[in-house]
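Here is the structure we will look at, set down as structure tokens.
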Amino acid sequence: MSQSIDLHSHSTASDGALSPTELVLRAHSRGVKVLSLTDHDTIDGLTEAIAAANTVGIEFVKGIEISCIWNNTTIHILGYGFDVCNARLQELLAFLREARWSRAKQIAEKLHAKGMVNLLDKAISQQQQQFASNNGPGRPHFARAMVAEGYVDTTKEAFQKWLGNGKIGDVKQHWPSLETVVDILHKSGAWVSLAHPCQYNMTRTKLSRLLREFITSGGHAMEVVNGFQPAEQVGKLANLARDFGLFASAGSDFHYPNTWGELGLYRPMPEDLPPLWKKLGVLH
Ligand code: MN
Ligand code: MN
Ligand code: MN
């Protein structure tokens, strides 16, 4: 099931465990020939990843995974091959950076009220140990800070008690609208794909409505395969991609090495679907 093209991965520039260089080297050793780094809401890891990819001879596609809101649901949008200098894209990235900083401060305040003092600085230092970033720390960094301070034993416990869905540190973020994000990516020259459509727990009717608006806003593709999602979901998404005439993308959504996730590992994509990577200027 190991694939030579992986269009969805994360590094320490967002919530992954490997630096951009380590990620590229690992992909190379796993036989990946075409790789995209799609960190959450940031392109900070791209320069380092491109340099590493050039060294080992991987074809690299500039990527990003941006969060947005549609119908009160947080949706992830993948963009590929954009112009990093595009003014509106730069503006959007600055807005997202600001939003993440303000969320980090709110998380720290909530935890401070529970006796966990100065966790913002500690989360920042956890983050900076991994990657020199100007983004605000996220929940994984707070979780590591809690372990370092002895408030919890494991990062898993940090999420179960404090940071997971519905817990006090799960501060909701005010993301931009789907229409805005897709439009800006499109106009910055990106190929735009709707990430992991089955993760939003929508009925087929609602998902169809989302897809119509995604396409109207400038979307091109759908992520038909995301890691080890169940085979019947792949079938369902493939049908939707056919119905809507969308290109299909696929990737591992790799965050860190573990037993069920690995670079280049995902179920094969149905062969009749038009692959997005044909559009990305890569040779495969
Ligand atoms: Mn993530
Ligand atoms: Mn995602
Ligand atoms: Mn992802």
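The values are calculated or read from the model by the stated rules, or taken from the named source; none is laboratory data. Owing to the predicted nature of the structure, the values given are computational and were not obtained by experimental measurement. Note: accessible area is taken over every heavy atom of the protein model, side chains too, but ligands, DNA and RNA are not part of it. Shrake-Rupley method; radii C 1.70, N 1.55, O 1.52, S 1.80 Å.
Whole-Hz Karplus values for the range 98-113 come out as 4, 4, 5, 5, 5, 5, 4, 5, 5, 4, 4, 4, 5, 6, 4, 4 Hz, taken residue by residue from phi with 6.51 cos²θ - 1.76 cosθ + 1.60 and θ = phi - 60°; glycine and proline positions read x. Taking 25 °C and 0.890 mPa s as conditions, the chain diffuses translationally at an estimated 127 µm²/s according to Stokes-Einstein applied to its Kirkwood radius (Cα pairs). In terms of overall dimensions, the C-alpha atoms belonging to the range 1-143 reach 49, 32, 30 Å along their principal axes, ordered largest to smallest.
For Leu37, the amide hydrogen comes within under 5 Å of the amide hydrogens of Val61, Gly63, counting only partners 5 or more places away or on other chains and with H modelled in the peptide plane. A simple rule links phi to the HN-Hα coupling: the Karplus curve 6.51 cos²θ - 1.76 cosθ + 1.60 with θ = phi - 60°, which for the range 20-29 gives x, 5, 4, 4, 5, 5, 5, 4, 4, 5 Hz, with x for Gly and Pro.
Here the Karplus relation 6.51 cos²θ - 1.76 cosθ + 1.60, evaluated at θ = phi - 60°, turns the backbone of the range 231-238 into coupling constants of 4, 5, 5, 4, x, 5, 5, 4 Hz, with x for every Gly and Pro. At the listed q of 0.13, 0.22 Å⁻¹, the Debye profile of the range 93-163, built from one uniform point per Cα, gives log10 I(q)/I(0) equal to -0.33, -0.90.
When the accessible area of the range 93-163 is computed with all protein chains present and a 1.4 Å probe, what percentage of it is carbon and sulfur? Exposed carbon and sulfur together represent 49 percent of the surface. Quick check: from the Cα gyration tensor, does the range 155-271 come out rounded (a/c under 1.5), prolate or oblate? It comes out oblate by the Cα gyration axes. Length, then width, then depth: along the principal axes, the Cα atoms of the range 1-84 run 42, 29, 25 Å.
Running Debye on the range 57-205 with equal point scatterers at the Cα sites and no solvent, what base-10 log of I(q)/I(0) appears at q = 0.11, 0.15, 0.18, 0.19 Å⁻¹? Relative scattering, expressed as log10 I(q)/I(0), comes to -0.52, -0.89, -1.12, -1.17.
Solvent exposure of the chain, expressed per residue, is 44 Å² of accessible area, with all protein chains present and a 1.4 angstrom probe. With N counted as the residues of the range 195-264, its alpha-carbon radius of gyration over 2.2 N^0.38 Å works out to 1.15. Bridgeable lysines around Lys187 (alpha carbons under 17 Å apart, same-chain partners fewer than 8 residues away excluded): Lys62, Lys279. Per-residue accessible area (protein heavy atoms, 1.4 Å probe) orders Thr216, Thr38 as Thr216, Thr38, starting from the largest.
Between the C-alpha center of the range 103-175 and that of the range 69-97 there is a gap of 24 Å. When the alpha carbon gyration tensor of the range 223-284 is reduced to an equivalent ellipsoid, its three semi-axes come out at 21, 16, 8 angstrom, largest first.
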